[in-house]
Amino acid sequence: MSEKYPDRITMETVEKVKVSPDAATLALKVSGESSVFTTEALKKLKDVKSLIDGLKRLGVNESKLSLENIRVTSKSGMFAGASSVTFTLKLQSLAIADVPQTLALAATTKNISLEDIQWEYSYLETRKLEIMKSAARENKKQALELADALGVRLIAVHSLYPKWDEPNRQAMAGLTRSRSLMKARGPGGGDDSEGFELAMNHSDYLEVVIKAEYRVSEFAA
């Protein structure tokens, strides 16, 4: 062994835990007609107002609502009178317990459909620290056992690299955007089960791989 090229052993350990979101941001697609396109005016559209009133009854604060991606279409080419309008109504950081009821409310509101769900994990950084510590302890334990089997001593940690695989925040990843999760608008109605399944039974995994190099006493010749 030399100071430039010390003897080392390398250990790799994996820690994987199941996690569930504690909040979600919903994006709802809204279509309708209006002659005024300010945020306040669009919130007063019949279907939007019905949804907002329903959310208030559920205890969802209106401050969680925002309007984005407003698109106006006029058949005449002039924005005189009522024109078709589509926009995204975003519901920010809903408590996970409120998501199924919000989906159910949106499913019964005309001209509103689910566009996207983003899962949120407010506790994730704390959980990451916990499992990294656990993985590091297991890594050191295995390194000590290997060093003992090899007849050498652990001197110090030379390097340590965590590699993370975090839960997917995109609830609808892999699903066709045009496919309605809320309800079919055509004859025969639709099936809400997929949207509710996403909201009520979602879980994912948080994983860390710890790769550590340890300096050890000189290997026997």
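The values are calculated or read from the model by the stated rules, or taken from the named source; none is laboratory data. Being a predicted model, the structure only gives us computed values, none of them experimental. Here Cβ is always computed from backbone atoms with ideal geometry, including for glycine, and neighbour counts include all displayed protein chains. Only protein heavy atoms, including side chains, enter the accessible area calculation; ligands, DNA and RNA are left aside. Shrake-Rupley method; radii C 1.70, N 1.55, O 1.52, S 1.80 Å.
Being under 30 Å from ILE52 (Cβ atoms), more than 27 Å from the chain's Cα centre (by Cα), not aliphatic (A, V, I, L, M) and not in a helix (DSSP H, G or I) is a property that SER84 has.
Looking at region 106-152 only, could you name the residues that are part of a loop (DSSP other than H, G, I, E, B), more than 21 Å from PRO167 (Cβ to Cβ) and open to solvent by less than 90 Å² (accessible area, probe 1.4 Å)? Break it down stepwise before answering.
Here is the first cut: in region 106-152, the ones part of a loop (DSSP other than H, G, I, E, B) are 108-111, 121-123, 151-152.
Next, only the ones that are more than 21 Å from PRO167 (Cβ to Cβ) stay: 108-111, 151-152.
Within region 106-152, THR109, ASN111, GLY151, VAL152 qualify.
The residue that is surrounded by the fewest Cβ atoms within 10 Å (Cβ to Cβ), counting only those in region 24-46 that are under 28 Å from the mean Cα position of the chain (by Cα) and more than 10 Å from LEU89 (Cβ to Cβ), is THR39.
On the basis of being in contact with a Leu (Cβ under 8 Å, 6 or more places away or on another chain), open to solvent by 60 Å² or more (accessible area, probe 1.4 Å) and more than 30 Å from TYR214 (Cα to Cα), does GLN170 make the cut? When the stated conditions are applied, GLN170 does not pass them. With respect to LEU144, determine if the residue is touching a Leu at 6+ places or on another chain (Cβ under 9 Å), at pLDDT 90 or above and farther than 30 Å from LYS90 by Cα. Yes, satisfied. Consider LEU89 carefully, then state whether it is over 24 Å from LEU206 (Cβ atoms), aliphatic (A, V, I, L, M) and either open to solvent by less than 60 Å² (accessible area, probe 1.4 Å) or within 19 Å of the chain's Cα centre (by Cα) (or both). For LEU89, the condition - over 24 Å from LEU206 (Cβ atoms), aliphatic (A, V, I, L, M) and either open to solvent by less than 60 Å² (accessible area, probe 1.4 Å) or within 19 Å of the chain's Cα centre (by Cα) (or both) - is met.
Scan (1) open to solvent by 50 Å² or more (accessible area, probe 1.4 Å); (2) at pLDDT 95 or above for the single condition VAL17 breaks and write down its number. VAL17 satisfies all of (1) open to solvent by 50 Å² or more (accessible area, probe 1.4 Å); (2) at pLDDT 95 or above except (1). Consider region 62-80 and keep the residues that are among the small types (Gly, Ala, Ser) and either assigned to a strand (DSSP E or B) or surrounded by 10 or more Cβ atoms within 10 Å (Cβ to Cβ) (or both). The one that is modelled with the highest pLDDT is SER66.
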